[in-house]
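S.K.: After the structure tokens below, expect a handful of questions from me.
The values are calculated or read from the model by the stated rules, or taken from the named source; none is laboratory data. Being a predicted model, the structure only gives us computed values, none of them experimental. All Cβ positions, even for glycine, are placed from backbone atoms using ideal geometry, and neighbour counts span all protein chains on display. Quick note on the areas: whole protein, heavy atoms, side chains included, nothing else; ligands and nucleic acids left out. Shrake-Rupley method; radii C 1.70, N 1.55, O 1.52, S 1.80 Å.
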Amino acid sequence: MNPLFKSKTNQTQDISTLYSIGVKYAVPYWKWYFWGILALIVTNLIMLQIPQLTKLIVNAISDGGEILAYSNTALSIMLLGLVLIVIRTISRVCIFWPGRALEANIKDDLFCHILEIPMNRFESFGLGDLTSRLSNDVTQLRVFFAFGALQVLNVIFMSSFTIVKMTSIDSTLTTLTVLPLVLMLVLTRLVMPKLYRATRDATEATGRLTNRVTEAFHHVAVIQSSAAMDAFVHRSQTESKTIFDANMRTVKIRNLIFPLMSVMAGLSQFSILLWGGFQVISNRLSVGDLLAFSIYVGMLVFPFTSIGLILSIYQRAKPSAERLAAIASLPKDSFVEHSNEIVASSTPSNDAAALLEVKNLTFAFPGGAKVLTDINFVVKRGSRVGIYGSIGSGKSTLFNLITKLHPPPKNTIFLNGVDTSTLDPEHLRSEIAYAQQTPLLFSDTIRENLILGFDPGEISESDLHEAAKCAQILDEINGFKDGWDTVIGESGVRLSGGQRQRLALARILLRKSKIIILDDVLSAVDMETERQLIAGILSKKSTLIIASHRASILEPCDEVLIFEKGTIIARGPYSAVKDKIANLAATEAVAAREIP
Ligand SMILES: Nc1ncnc2c1ncn2[C@@H]1O[C@H](COP(=O)(O)OP(=O)(O)O)[C@@H](O)[C@H]1O
Ligand SMILES: [Mg+2]
């Protein structure tokens, strides 16, 4: 968290409207607004004095008085101008600061929130769209709560102060000049819904384009090797065209509003000259008063025209708030609602024979067919359970449910007898080290990739070496020019598939968790390395669940479960299911050969 801005909430559920966002993120900074408003009032009061002083000088000239006697008045105008610079700057700083703080805090909160959401809940957004929401949409909110707030306050103070001053000069003239400005407001109000729709379309299309571009960068090799560049460029251009069209709609609407505003402002000046000039000729108004009046109207035009600007800022911020609320309202885990109760009941009871138990587990992804049906098995403390199954038989889904990367159904998975759906995911994951099928590495050094999740200093060099040795990667690390500080490139592109697997494995072994889950992670290593790896992992004495396509890896397991289409079709010690595995492997090999 940025030390300058401290989120006072760190809970993002209710940011569905600009009002709720304001209450949560802007109100805590009310002191800034308070000083800002004070400075703004002073600014306006000073500005109101300038036409009065000008009036004095002009009246003196028109009365043929001694002009030099007014040189002090002219000096005062200059001095007031200098003071204005300072006070106006202070008002800007004070009112813009909460906007910056709000931007930082919302980003912080949403970032933390996203890191805690089970992965399938935000998969539908796409990475580019998520990034676009966290940057563009948060910026819109900042503009609303900083620049928008300043404009609103400006309009309130400027127009009320100025109108009072103008009325004191000539009330009929005030009505005549303000009328066109009010008309301008009504017109603006009428076109705003159109502007809102166009802005929303443009923001959504930007999200889609960002998604497509991010994806293209990620998969650039696939695009190049499939010669799909033209198709990708074409699709991106279609998205760009949508953004262009939506933005052109907003530009057209704005270009309709702004000239209209000038026309209305012109009408106001016209009234001054016509009505005011007539008053001066008939000696009911001095020339100085007319000039002061004209300056006041000039001051009034800006706040009135900026009402249009304020409305357009509002129309941009509203859909942005909705788009961010869609992320903020994604539930984290059932754990969040009753965290106190959970932490108490999660204390591991080391007596339970079953360290992990899966009971009557049936699972389907939202809107999809069943992926797992009636799965039952027990993993005893210190035991080794193997899982064999063809691709798509539900092994990875099972592991994702055990580790709560996908939220598991209630009362189906138990750790130390406690239903994991009620467990704090972080607590659960500290007990289970899970090496996923696709090794996921960060574009950082080897060392940083290994100590992921630990504080520097928490892991000793000897621990690092031991984990790397056990994962059969130590010699290769030592062979790199920069050793442990070798940067492995985006997602580990500078490593071979096998090296990536073993590095990810070393990361798991470093954790010293009670349970180790390996999801087909040894597919890219040769037989000899595999033998040494298995020996190393077994020496860890952790409870082990291992999914593999290679029968040889499952040999040391106490129990092997055979998965097919999400059900367990056979189970038993390796020796009992060995033939079944061989048969399945042969059938699969035949099937693979028959694929045209
Ligand atoms: N995020 C997901 N959303 C919808 N269906 C999924 C998702 N992940 C996996 N599946 C489906 O679940 C089934 C099992 O997949 P998986 O668990 O990856 O099998 P395995 O690891 O045994 O190869 C597949 O049919 C797959 O299409
Ligand atoms: Mg899998």
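S.K.: My understanding is that a pair violates if its Cα-Cα distance is over 24 Å; which of Lys31/Lys332; Lys359/Lys514; Lys107/Lys332; Lys24/Lys318; Lys370/Lys578; Lys404/Lys578 do that in this structure?
M.R.: In this structure, Lys31/Lys332; Lys370/Lys578; Lys404/Lys578 exceed 24 Å between Cα atoms.
S.K.: Oh, and also: If only Cα atoms are counted, what is the Rg of the chain, and what is its Dmax, in Å?
M.R.: In Å, with Rg to one decimal and Dmax whole: 34.8, 119.
S.K.: Would you calculate a helix-derived [θ] at 222 nm for the chain, using -39,500 (n - 2.57) for each DSSP H run of n ≥ 4 and dividing by the full residue count, to the nearest 500?
M.R.: -20000 deg cm²/dmol
S.K.: Taking GluC sites (Glu not before Pro) as exposed when DSSP calls them loop (any state but H, G, I, E, B) and at most 13 other Cβ atoms lie within 10 Å, what is the longest stretch of the chain free of them, the sites themselves excluded?
M.R.: Between exposed loop sites, the widest span is 67-457.
S.K.: Here's another thing I want to ask about it. Give the lysines whose C-alpha is closer than 22 Å to that of Lys241, dropping any in the same chain fewer than 8 places away, or say none.
M.R.: Lys194, Lys252
S.K.: About its Cα centre, what dipole magnitude does region 109-156 give when the only charges are +1 on Lys and Arg Cβ and -1 on Asp and Glu Cβ, stated in debye to the nearest 20?
M.R.: The calculated dipole for region 109-156 is roughly 160 debye.
S.K.: Taking the solvent-accessible surface of protein heavy atoms with a 1.4 Å probe, what is the per residue accessible area of the chain in Å²?
M.R.: 50
S.K.: What does the charge add up to near Asn247, with Lys and Arg as +1, Asp and Glu as -1, over the other residues with Cβ less than 11 Å from its Cβ?
M.R.: +2
S.K.: Rank Leu115, Leu285, Thr210 by how far each Cα sits towards the positive end of the charge dipole of the chain (+1 on Lys, Arg Cβ; -1 on Asp, Glu Cβ) and give me just the farthest.
M.R.: Selected residue: Leu285.
S.K.: Considering only the other residues whose Cβ falls under 14 Å of the Cβ of Met158, what net charge follows from Lys and Arg at +1 and Asp and Glu at -1?
M.R.: Residues near Met158 contribute +2 overall.
S.K.: Moving to a separate point now. In whole angstrom, note down how far apart the Cα centers of region 136-189 and region 366-418 are.
M.R.: Cα centroid of region 136-189 versus Cα centroid of region 366-418: 62 Å apart.
S.K.: With everything on Cα atoms, drop me the angle between helix 527-538 and the longest principal axis of the chain, reported from 0 to 90° to the nearest 10.
M.R.: 80
S.K.: Okay, next question. Which distance in Å, rounded to a whole number, links the C-alpha centroids of region 538-571 and region 472-495?
M.R.: For region 538-571 versus region 472-495, the Cα centre distance is 30 Å.
S.K.: Right, another one. Under a Cβ-only charge scheme (Lys and Arg +1, Asp and Glu -1), can you give me the dipole magnitude of the chain about the Cα centre, in debye to the nearest 20?
M.R.: Dipole of the chain, to the nearest 20 debye: 1380 debye.
S.K.: Using only the alpha-carbon atoms of region 370-462 as identical scatterers, what base-10 log of I(q)/I(0) does the Debye formula give at q = 0.17, 0.22 Å⁻¹?
M.R.: Result of the Debye calculation: -0.93, -1.27.
S.K.: At a 1.4 Å probe, what is the % contribution of carbon and sulfur to the accessible area of the chain?
M.R.: Answer for the chain: carbon and sulfur cover 62 percent of the accessible area.
S.K.: Once Lys and Arg get +1 and Asp and Glu get -1 on their Cβ, which of Ala104, Ser132, Gly148 lies farthest toward the positive end of the dipole of region 89-193?
M.R.: Value: Gly148.
S.K.: Return the long-range amide H neighbours of Arg381 (sequence gap of 5 or more, or a different chain), with a cut-off of under 5 Å between placed amide H atoms.
M.R.: Leu355
S.K.: While we're here: Answer rounded, prolate or oblate for region 511-550, using the Cα gyration tensor with square roots of eigenvalues a ≥ b ≥ c: rounded when a/c is under 1.5, else prolate when a/b is larger than b/c, else oblate.
M.R.: Oblate.
S.K.: Can you tell me the FRET efficiency between His219 and Val93 if r is taken as the Cβ-Cβ distance and R0 is 41 Å, rounded to the nearest 0.05?
M.R.: It comes out at approximately 0.35.
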